[in-house]
Amino acid sequence: MSIKPEPGRQMIAELLKIDLNQEDFIVALAGNPNTGKSTVFNSLTGLNQHTGNWPGKTVTTARGKYVHNDKTFILVDLPGTYSLSANSVDEEIARDFICSGVPHVTVVVADATCLERNLILVLQVLEITNQVVLCVNLLDEAKRKGIQVDLPRLSEMLGIPVIGTNARDGVGLKDLKDAIDRVARKGMTLTPIVAEYGDEIEKQLRFLQPDIQKYVKNGVNSRWITLSLLEKDPGSMECGANDTFFKEALPQELTDSLYLVRQSLQQHYPDPERLHDHIVAGIVNRAEGIAKEAIFCKKADYNDLDRRIDSVLTSKIWGIPVMLTLLGMVFWITIKGANYPSQALASGFFWLEERLTHFFLYAGWPGWLHGLLVSGMYKTLAWVVSVMLPPMAIFFPLFTLLEDLGYLPRIAFNLDNYFQKACAHGKQALTMCMGFGCNAAGVIACRIIDSPRERLIAIITNNFVPCNGRFPTLIALATIFIAGGMAGHYQSLVASLSILAVIVLGVVVTLAVSWLLSKTILKGLPSSFTLELPPYRKPQLGRIIVRSIYDRTLFVLGRAVIVAAPAGMITWALANISVGELSILQHGVNYLDPFAQWLGLDGFILMAFILGLPANEIVIPILIMSYMSTGQMIELDSLQALRELFVAHGWTWLTAVCTMLFCLNHFPCGTTLLTIQKETQSLKWTGVTFLVTTATGLILCFLVAQSARLLGLA
Amino acid sequence: MEKLIPLHHLSLGSSGEVRQLTAAGHTRRRMMDLGLICGTRVAALQKSPSGDPVAYEIRGAVIALRSQEAAGIMVKADGNGGIPHSEY
């Protein structure tokens with residue numbers, strides 16, 4: 001038997017590509033940030049998962065499935081939130097999904113080392129739905145810290161199944177699956193505790209709830225919805241009901257009585273904030289009470305080690321130097337480590353290119369076909385893979401390691417004061433960190449900032465952090481032009497320091513532009529800021545490698561390859577189809593050249609950036625191809641050959657510096673622009689981002705080029 | 001009357017109990033989401049390199065707050081944990 005689901009439920013299901021008519025069970029995964037929720041999700045689903053936007057992190061709803069007791073369970077990973085009060089996009093997503101009626105079971109993942117705070121969310125979820133399983137994760141960490149959790153007592157007090165897990169070692173997952181299965185099949189009747197709010201509120205709830213119940217959608221808890229209606233501004237005549245939770249508009253008499261009830265509550269709580277306080281306090285005190293009975297702490301100083309690490313990593317003297325050293329080391333290992341495999345891959349690809357050319361000649365295929373496929377497509381692909389893959393395969397695991405250790409929030413903590421002075425949000429530092437991997441991911445990560453103004457600032461400035469598509473360009477230019485004259489070991493050291501300088505410049509530009517935006521088109525004061533510094537965690541090396549290679553490296557590389565193949569062909573065609581005396585490309589280059597010279601670049605470079613709009617990875621291959629089409633054919637199998645090619649086209653150190661500057665500060669790639677449009681729902685802000693980033697690059701390049709020339713340095 | 005101090009005047013390493021939240025609206029809700037209500041125990045743990053924000057222990061979690069937010073949280077310090085108001 002299949003019942004046609006109602007529209008709202010259907011919509012959410014379609015959004016998540018879930019077929020409601022199937023016999024599968026749908027499980028929502030909720031929890032505070034930093035509870036190991038992603039690990040629970042990954043351990044349950046394995047690699048059998050799919051994310052809409054960015055894999056690996058819970059910035060958007062990831063989905064996965066597993067089979068247990070012959071039933072398929074579809075797991076939806078919700079964004080990590082502290083509450084369901086819908087103060088931010090993430091909270092709204094989480095709340096709407098839990099109360100949409102789509103999930104058969106909601107699993108709340110809680111951190112055993114910080115259970116009391118986590119219980120607040122558990123109690124909030126229990127207000128919305130009865131079908132809940134609590135997963136107390138990180139039990140081993142808790143044990144090490146001398147924290148003991150009485151799981152049976154917790155389960156008894158909450159009235160729901162409580163399962164202890166160490167998701168990263170797979171401990172407790174079978175029990176968790178069993179509990180989800182039992183709740184989903186309604187094999188056990190749950191009678192969760194209900195938070196109580198005192199006589200006055202309870203009286204009004206009893207009075208209104210039965211009437212309201214008739215109008216709310218299936219699966220939405222009417223006690224909870226009545227409570228949230230009571231909390232609305234008492235002066236307002238509007239009932240505050242919207243179609244997320246209601247089947248139809250409330251009739252006049254019901255909104256009238258709602259109005260009266262609010263008026264009468266106002267007698268008891270003159271300030272609406274007092275009413276909200278009272279309701280929240282009801283939940284928080286309940287959580288505290290439960291924690292007192294079920295959680296025992298043997299050592300008072302259980303977080304001592306973390307505090308001692310923090311007192312170095314975030315100290316006045318060491319905080320910033322350690323941060324820069326760590327970043328510098330990451331770049332050094334990346335550059336040093338990528339050197340040999342890049343060379344090897346390049347020679348391999350070059351060898352294969354020769355064989356391909358021989359084959360084309362042997363088969364007697366026309367020259368233009370060889371040009372399009374080998375000189376155009378193959379060469380571009382070969383560059384993208386040989387130059388991008390090794391650094392990414394080293395950088396991503398290292399970066400994920402820092403992330404897993406819990407270091408990234410400390411970066412935000414260290415830098416917050418600067419962001420505060422720029423009237424921006426401290427969590428912008430976190431979104432910048434995500435931008436290192438991919439700016440589109442960084443833009444999505446901006447959802448963690450609730451204030452719309454500060455979120456826009458973070459989105460507009462995210463591009464000032466070089467993503468992995470731009471690192472290879474920066475590394476290559478820094479290696480051959482800045483560190484070019486150095487001997488072996490110093491070369492990678494100087495190159496790393498140059499990259500570090502580029503990053504620091506990116507941060508400075510980010511702060512300056514954020515400040516400028518705050519003073520002009522995005523005026524305002526910093527909003528509230530709370531940042532959790534989670535406990536340091538032992539990293540899981542195996543998982544780091546799988547996640548960073550599978551979810552990040554291959555994902556980013558795949559996207560680059562898809563763009564690079566057609567772009568290589570198009571560029572080759574542009575460079576080889578002539579109109580009049582010159583190729584189409586050359587016409588464009590000549591047109592751009594006078595302007596580009598002002599910026600310390602040349603027409604080819606500017607053209608390459610423009611043609612590279614779909615993806616930053618292809619800027620250098622396009623440039624190489626354009627230079628090559630104008631004469632010299634060089635066997636391009638090493639960075640030294642690249643240097644010779646560039647120098648032959650009039651490059652100096654200034655050209656390299658300006659190209660690096662423009663690489664750091666120019667319009668975002670196509671994917672990022674689309675993401676900005678999606679996230680802001682506004683063409684205007686997408687356009688503003690395009691203009692602000694490009695203008696910054698133009699101004700910086702112009703200033704550097706002109707000052708260097710004026711001073712006679714170049 | 002007992003002496004209350006704003007949270008950012010609580011000296012590092014000492015603790016106290018929240019007695020009053022003067023913040024309003026969104027900020028107030030954010031605090032409450034973290035379990036920061038009247039009666040909650042807090043301890044000042046660590047300053048960031050520039051002195052602001054400061055990390056506090058709240059219900060077993062470590063939360064960094066800017067002085068702007070902490071100023072809206074009035075606490076009763078244990079013992080001599082706070083800097084007396086008159087010094088400011």
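Protection proxy ranking of A:595-605, A:73-83, by the mean of other Cβ atoms within 10 Å over each peptide's residues and highest first, is A:73-83, A:595-605. Under a 5 Å amide H cut-off, with hydrogens placed 1.01 Å from N, A:Phe529 pairs with B:Arg66 among residues at least 5 apart or on other chains. Secondary structure note: in the protein assembly as shown, about 70% of the DSSP beta bridges are antiparallel.
Residue by residue along A:662-674, Cβ atoms of other protein chains within 10 Å of the local Cβ number 0 on average. Calculated over region A:248-396, the projected area of the Cα convex hull averaged across directions stands at 23.9 nm². For A:Lys247, the residues 5 or more places off, or on other chains, whose built amide H falls under 5 Å of its own are A:Val216, A:Lys217.
Give the calculated FRET efficiency between A:Gln22 and A:Asp178 to the nearest 0.05, with a Förster radius of 22 Å applied to their Cβ-Cβ distance. Show your work: numbers first, answer last.
Working: r = 22 Å, r/R0 = 0.98.
E between A:Gln22 and A:Asp178, to the nearest 0.05, is 0.50.
In order along region B:32-47, phi translates into HN-Hα couplings of 5, 4, 8, x, 8, 10, 4, x, 6, 7, 10, 9, 8, 9, 7, 8 Hz, rounded to whole numbers, per the Karplus curve 6.51 cos²θ - 1.76 cosθ + 1.60 with θ = phi - 60° and x for Gly and Pro.
So if R0 is 60 Å, what FRET efficiency would A:Glu202 and A:Leu703 give, r being the distance between their Cβ atoms, rounded to the nearest 0.05? Don't jump to the answer; show the numbers that get you there.
Numbers: r = 67 Å, r/R0 = 1.12.
So, using R0 = 60 Å, E works out to roughly 0.35.
Return one number: the angle in degrees, 0 to 90 and rounded to the nearest 10, between the long axis of the Cα atoms of helix A:554-576 and the longest principal axis of the Cα atoms of chain A. Between helix and principal axis, roughly 40 degrees. For the segment A:409-422, counting C-beta atoms of other chains within 10 Å of every residue's C-beta and taking the mean gives 3.
Which shape class, rounded, prolate or oblate, goes with region A:199-297 when its Cα gyration tensor gives a ≥ b ≥ c as root eigenvalues, a/c under 1.5 marks rounded, and past that a/b bigger than b/c marks prolate?
Since a/c reaches 1.5 but b/c is at least a/b, the shape of region A:199-297 is classed as oblate.
All Cα-Cα separations within chain B were binned at 10 Å from zero, giving a P(r) of 19, 58, 23, 1, each value a whole percent of the pairs. If one takes the longest principal axis of the Cα atoms in chain A, at what angle in degrees, from 0 to 90 and to the nearest 10, does the Cα axis of helix A:173-184 lie? With rounding to tens, the tilt is 50 degrees. Pairs spanning more than 26 Å between alpha-carbon atoms, out of A:Lys299/B:Lys3; A:Lys519/A:Lys684; A:Lys427/B:Lys47; A:Lys37/A:Lys203; A:Lys299/A:Lys538: A:Lys299/B:Lys3; A:Lys37/A:Lys203.
Across all directions, the shadow cast by the convex hull of region A:346-397 built on its C-alpha atoms averages 3.6 square nanometres.
What does the average come to when, for each residue of peptide B:66-73, you count the partner chain Cβ atoms lying within 10 Å of its Cβ? Walk me through the numbers before you get to the answer.
Numbers: counts 10, 1, 6, 5, 0, 0, 1, 0.
Across the residues of B:66-73, the mean count of other-chain Cβ atoms within 10 Å is 3.
Largest first, the three principal axis extents of the alpha carbons in the protein assembly as shown are 89, 75, 52 Å in whole numbers.
The simple spin-label model puts a point 7 Å past each Cα toward its Cβ; for A:Glu273 and A:Tyr362 those points are separated by 8.1 nm. Compared with the direct C-alpha span, the chain from A:Phe296 to A:Asp211 gains 26.2 nm at full extension, assuming 0.36 nm per residue.
Over all pairs of different C-alpha atoms in region A:413-517, the reciprocal of the mean inverse distance, the Kirkwood hydrodynamic radius, equals 14.4 Å. Annotation: for a label point projected 7 angstrom from Cα along Cα→Cβ of A:Leu305, residues of region A:110-145 with backbone N closer than 13 Å are A:140-145. Amide H contacts under 5 Å for A:Ile26: A:Ile74, A:His104, A:Val105, restricted to partners 5 or more places along the chain or on a different chain, H placed in the peptide plane at 1.01 Å from N. A simple spin-label model places pseudo-atoms 7 Å from Cα toward Cβ; at A:Ala344 and A:Val194 they are separated by 6.7 nm.
Can you pull the percent of Cα pairs in region A:539-604 with separation above 18 Å? Numbers along the way, then the final one.
Numbers: 1327 of 2145 pairs.
Summing the P(r) of region A:539-604 above 18 Å gives 62 percent of all pairs.
Peptides A:255-267, B:42-54, A:497-509, A:458-470 ranked from most to least packed, by the mean per-residue count of other Cβ atoms within 10 Å: A:458-470, B:42-54, A:497-509, A:255-267.
No lab work stands behind these numbers, since they all come straight from the coordinates. What you see is a predicted model; the values in this text were computed from it and never measured. Cβ coordinates were reconstructed from backbone atoms using ideal geometry, including for glycine residues, and neighbour counts include every protein chain displayed.
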